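The values are calculated or read from the model by the stated rules, or taken from the named source; none is laboratory data. The model shown is predicted, which means the values in this text are computed figures rather than measured ones. When we count neighbours, we look across all protein chains shown, and the Cβ atoms used for this are built from the backbone with ideal geometry, even at glycine. Ligands, DNA and RNA are stripped out before the accessible areas are found, and what is left, the full protein with its side chains, is counted by its heavy atoms. Shrake-Rupley method; radii C 1.70, N 1.55, O 1.52, S 1.80 Å.
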Amino acid sequence: EFNPMIKVTERKRLKFKDGYTYLNRNMIMDKHPKHVYKSLLKSFSQKDIHQYSDMWKTYELLANHLNVAEGKLLITRGVEGSIKYIFETLLDKGDTIAMITPTYAMYHVYSEVYGIKQIPIKGKKPSYTISVDEIKNVIPKINVLFIDNPKSHLPQSFSDDELNEIINYAKTKNVIVFLDEVYVGWDKKSYLNNLPKHDNLIIAQSCSKIAFPSLKAGWLITNERLQKQISSTRNSYELNYFGCKGVEWIIQNQNYIDDLKKNILDTKHRWYYELLSKNKKFRVFNSDGYTLRLYGDKDIIKKTHDNLYQQKIVLGIVEENNLVFSVTTNKEIEVPIFNEILNSN
């Protein structure tokens, strides 16, 4: 009898409509200027297209950029690729993980596929704040703790001292901590400099949240022992040629990335304070990334969402009381959003 190692799980592929602006997808929707597009295209070489990717150069540049040894680094298909590696190499069927929810849907998908039990750690509305003690209470029951820090739409993020306490306690219980840092580099710095303190820590990052999700490029950094174990199931080429060249281009054009971040953050802070001061129906929450969250009555949340959807602007509804969206420097999008939110009064 056929006895699959994984559970066959129904998967859906999202379909998006032309002409709509999807601010609910946790990515920056502002277009890169033409000079960036042209510069990126120039990084592709005709003599390379007919060959496999030269991963050595990408690893060397990325390791130098991160200031880590290449033996601690593994390039992945976005942070999602890093997550999948953990399920494939560090967890067995029947093991248990914990994650702070709401969170990335693929944690739930991979748990179901690989037969892994889940313990969600969830804060209470409207702030959703979670204490270090709440996390420590769960650690003895699990094999791997997944923490996305900061979260895309929550104001709370754990400090370096708090993370140090969590990771050290997890070590006493033989628990691996997977630190998803896909949203670092905005209003929150990476914990990466603290990696040498821990031998049970994996840090995952990517290019997706700096306006290059199309590359689907990410990486994890950990100690050499864990890196060797995790990389045993890697593909022969972790990224295609265009993903590799894209990562290399980003590393070599940090001034552009810094300017992009500054413009988006300036916009986010302006939106936050303006919405906070002018609207009367919603509680406004900031984040350590480039998203904002409105908390309010579920009917008004849905009405606001639907009215903007009719104008081809899509915001995200999370747990029916939250309207979550990325900011944009595009005034043609900003004006109807502000009109709708402020006129909801």
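Among the residues of the stretch 45-74, just one is of a type in the set (Lys, Arg) and under 19 Å from residue 223 (Cα atoms), namely 72. Taken over the stretch 180-197, the residue count meeting the criterion of being out of contact with any Gly (no Cβ under 6 Å at 6 or more places or on another chain) and crowded, with 21+ Cβ neighbours inside 10 Å is 5. Close contacts from the stretch 293-314, counting a first residue that is small (Gly, Ala, Ser) and a second that is surrounded by 13 or more Cβ atoms within 10 Å (Cβ to Cβ) and in a helix (DSSP H, G or I), with Cβ to Cβ under 9 Å and a gap of 6+ residues or different chains, come to 296/304.
Cβ-Cβ contacts under 7 Å between residues 6 or more apart (or on different chains), taken from a first residue in the stretch 248-269 that is among the hydroxyl-bearing types (Ser, Thr, Tyr) to a second residue that is at pLDDT 95 or above, are listed as 256/36; 267/327; 267/329. Taking the stretch 12-131 as the region of interest, the strands (runs of 3 or more DSSP E) fully inside it that hold 1 or more residues being modelled with pLDDT under 95 are 96-101, 117-122.
Among the residues making up the stretch 117-158, a single one is buried (at least 21 other Cβ atoms within 10 Å of the Cβ) and over 25 Å from residue 192 (Cβ atoms): 128.
Conditions tested, residue by residue: (1) of a type in the set (Asp, Glu); (2) under 26 Å from residue 77 (Cα atoms); (3) modelled with pLDDT under 95; (4) touching a Leu at 6+ places or on another chain (Cβ under 7 Å).
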| site | (1), (2), (3), (4) |
| --- | --- |
| 248 | yes, yes, no, yes |
| 264 | no, yes, no, no |
| 297 | yes, no, no, no |
| 305 | no, no, no, yes |
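For the residues 210, 230, the requirement of being surrounded by 17 or more Cβ atoms within 10 Å (Cβ to Cβ), β-branched (Val, Ile, Thr) and within 15 Å of residue 82 (Cα to Cα) singles out 230. Number of residues in the stretch 105-129 that are farther than 17 Å from residue 88 by Cβ, among the β-branched types (Val, Ile, Thr) and in contact with a Lys or Arg (Cβ under 8 Å, 6 or more places away or on another chain) equals 1.
Residues of the stretch 1-59 that are surrounded by 10 or more Cβ atoms within 10 Å (Cβ to Cβ), free of Cβ contacts under 8 Å to residues at least 12 places away in the same chain and within 25 Å of residue 153 (Cα to Cα): 31 alone. Selection within the stretch 190-216: residues that are modelled with pLDDT under 95 and in a loop (DSSP other than H, G, I, E, B). The member of this set that is farthest from residue 78 (Cα to Cα) is 211. For the stretch 34-87, the set of residues classified as among the aromatic types (Phe, Trp, Tyr) and more than 20 Å from the chain's Cα centre (by Cα) consists of 37, 44, 52, 56, 59, listed by residue number.
For residue 171, the conditions (1) at pLDDT 95 or above; (2) touching a helix residue (DSSP H, G or I) at 6+ places or on another chain (Cβ under 7 Å); (3) basic (Lys, Arg) are fulfilled apart from (2). Test residue 113 against the stated conditions and say whether it is within 27 Å of residue 12 (Cβ to Cβ) and surrounded by fewer than 21 Cβ atoms within 10 Å (Cβ to Cβ). Here the answer is yes, as residue 113 does meet what is asked. When residue 98 is tested against the conditions (1) farther than 25 Å from residue 212 by Cβ; (2) open to solvent by 20 Å² or more (accessible area, probe 1.4 Å), the lone failure is (2). Of the residues in the stretch 136-146, at least one is at pLDDT 95 or above, within 30 Å of residue 262 (Cα to Cα) and in a strand (DSSP E or B).
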